[in-house]
Amino acid sequence: MSTAPATAPRLSTATSPAGALLHHRTLGPADTGIVHLGLGNFHRAHQAVYTAAALAREDGSWGVLGVAGRSADVADALRAQDLRYTVAEVSPAGLRCVIPAVHTGALVAAREPESVQRALAAPGTRVISLTVTEHGYTYSPRTGGLDLDHPGVRADLRGNRTAPRTTLGRIVRALQERADGHGSPVTVLSCDNLVGNGDHTRRLIEEFVAQLPESEGAPLRAWIAAGNVTFPNTMVDRIVPATTDAERTAVAEALGVRDDVPVPAEPFTMWVLEDRFAASRPAWEAGGALFTEDVEPYELLKVRLLNGTHSLIAHLGALAGCDTIPQSTAHPFVTEAARAVLLGEYLPSLTVPDDVDLDAYVDQLFTRWANSALGHRTRQVGSDGSVKLRQRVPDPALLHLRAGRMPHHLALTVAAYLCCLAPSAGFDPGEHAAAMVDPARERLAALRARTADGPSFAAAVLDDGLLGNALPEHPAFATRVGEFIDLLHTHGPRAAAAEAARS
């Protein structure tokens, strides 16, 4: 896994350079206050860093037990390194390496389900946090409700209390144990890119509980309703690519230790939370977290201006043969399309928070996307588009359509995504599009095979509920998406972006 020099010692408690540590107390299992579901790069470069800053300001039992879903790679590597790893902040100005050192354990739910459930239900666990990506919430894109046809959901509802297979199942079964036992309150904290992520998580958990036998569901509903569980909304923001050997080598050269699982990240980071915690919480404001009564304006600012525009950049860039986001934004036609969708179509759909300088925020977004030292890959940003675009496109598109305006660049966003995931016969979207991972790929390919042209394909996709139930009521939008699909296939992304700009 590592290309670090063989002579470099492995990162561990003993070899961690003191100057890189974000706090200086070694944590043990008894210090666990947070169980985090999703041991990927984003959590380790975001929430873990804020938690380290909190511990540096106020010591306390706020260690994080990290839980991977199925893959043991990161968990096993962390165990071999005394749960230490490096966050490599990468920018054109250079490299800054820090070691959060906040984890107290690393489990794999598929391998150690009973241990995970015990940790989630433990009285010392005051926060259950999540970064499981949008599709980890097992909900239906069409209805937004719990996907009762999902095999994992069905299994967990049949009484799988000790080894649940889904994120929601793990949380609900742990809440049952807490309610039936010690009764200690807990906060369920979503850190995923879902609009109203706390409200969304609460609703899905309530739908799960409603499907339980009444003898199980009724007491749990009452316990939750009594305020023993809270679900704050949050907005999270930091660009965190996948780890490559380049980061492993750079960390070894900078710190003199071998780290098999460093995390590359941009210097920018932001976290906005509702201060609604059932028990206590770390002093995350020490790391710059903002607590507010209304997260939604910050959520929409990020999910639409950053994430929505990011999707267009990734899909157009991939179709243009670009491996990374900086390579994509180096093309003027991509940057112009990104600025047009951001300012002309996403921005009118939201209210900018009073404390945000919009011009500076937008300039900062384009600077972040152009961070060539970071090299965020188009295939990573473009993956899971079927779930991501459902969060980003419909409401802004509907706003314009109901006002009699065609949102051409939002239509181009959907078209570029569909060309990446389900190209027509004879069209090669390129290796970067082909590498995108999406749960809807097979379904989209089947729809593509049954339709003769772009407009009929787009109509079939929207009627199938990819972007919810309301957009099919506006057939002109499907037609416009389809026209862009045909243009992308015949003349390429530059021509399609030029057509959107002329419209």
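Worth a mention:
- Test result for Val186, out of contact with any Cys (no Cβ under 6 Å at 6 or more places or on another chain), at pLDDT 95 or above and open to solvent by less than 40 Å² (accessible area, probe 1.4 Å): yes
- Flag if Thr131 is in contact with a Cys (Cβ under 8 Å, 6 or more places away or on another chain), buried (at least 16 other Cβ atoms within 10 Å of the Cβ) and over 24 Å from Asn193 (Cβ atoms): no
- Of all residues in the range 349-376, those that are without any contact (Cβ under 8 Å) to a residue 12 or more places away in the chain have Cβ atoms under 6 Å from Cβ atoms of residues that are surrounded by 13 or more Cβ atoms within 10 Å (Cβ to Cβ) and assigned to a loop (DSSP other than H, G, I, E, B), 6 or more apart or on another chain, in Leu358/Val352.
- Tally, over the range 452-478, of residues that are assigned to a loop (DSSP other than H, G, I, E, B), over 26 Å from the mean Cα position of the chain (by Cα) and not acidic (Asp, Glu): 2
- Within the range 487-503, the set of residues being crowded, with 19+ Cβ neighbours inside 10 Å and more than 29 Å from the chain's Cα centre (by Cα) comprises Leu487, His489.
- Test result for Ala337, closer than 30 Å to Thr243 by Cα, buried (at least 21 other Cβ atoms within 10 Å of the Cβ) and touching a Lys or Arg at 6+ places or on another chain (Cβ under 8 Å): no
- Of the residues making up the range 100-114, not a single one is out of contact with any helix residue (DSSP H, G or I) (no Cβ under 7 Å at 6 or more places or on another chain) and at pLDDT below 95.
- First in the range 138-151 and at positive phi and assigned to a loop (DSSP other than H, G, I, E, B), second anywhere and among the basic types (Lys, Arg) and surrounded by 11 or more Cβ atoms within 10 Å (Cβ to Cβ), Cβ under 7 Å, 6 or more apart: none
- Residue match in the range 195-213 (condition: in contact with a Leu (Cβ under 8 Å, 6 or more places away or on another chain) and of a type in the set (Gly, Ala, Ser)): yes
- Considered as a group, the residues in the range 340-367 that are among the aromatic types (Phe, Trp, Tyr) and touching a Ser or Thr at 6+ places or on another chain (Cβ under 8 Å) include one that is surrounded by the fewest Cβ atoms within 10 Å (Cβ to Cβ), and that residue is Phe366.
- Only one of Arg126, Arg118 that is touching a strand residue (DSSP E or B) at 6+ places or on another chain (Cβ under 7 Å), open to solvent by 40 Å² or more (accessible area, probe 1.4 Å) and under 24 Å from Ile205 (Cα atoms): Arg126
- Residue that is least open to solvent (accessible area, probe 1.4 Å) [pool: residues in the range 104-115 that are of a type in the set (Gly, Ala, Ser) and either within 14 Å of Arg170 (Cα to Cα) or not in a strand (DSSP E or B) (or both)]: Ala109
- Criterion applied to Thr329, Thr378 was being closer than 17 Å to Ile239 by Cβ and open to solvent by less than 10 Å² (accessible area, probe 1.4 Å), and the one residue passing it is Thr378.
- Within the range 157-181, the set of residues being touching a residue at least 40 places away in the same chain (Cβ under 8 Å), closer than 16 Å to Leu220 by Cα and not in a loop (DSSP other than H, G, I, E, B) comprises Leu157, Leu168, Arg170, Ile171, Val172, Arg173, Ala174, Leu175, Gln176, Glu177, Arg178, Ala179.
The values are calculated or read from the model by the stated rules, or taken from the named source; none is laboratory data. All values derive from a computational prediction rather than experimental measurement. Ideal geometry is used to build each Cβ from the backbone, glycine not excepted, and the neighbour counts take in all protein chains shown. Heavy atoms of the whole protein, side chains included, go into the accessibility calculation; ligands, DNA and RNA do not. Shrake-Rupley method; radii C 1.70, N 1.55, O 1.52, S 1.80 Å.
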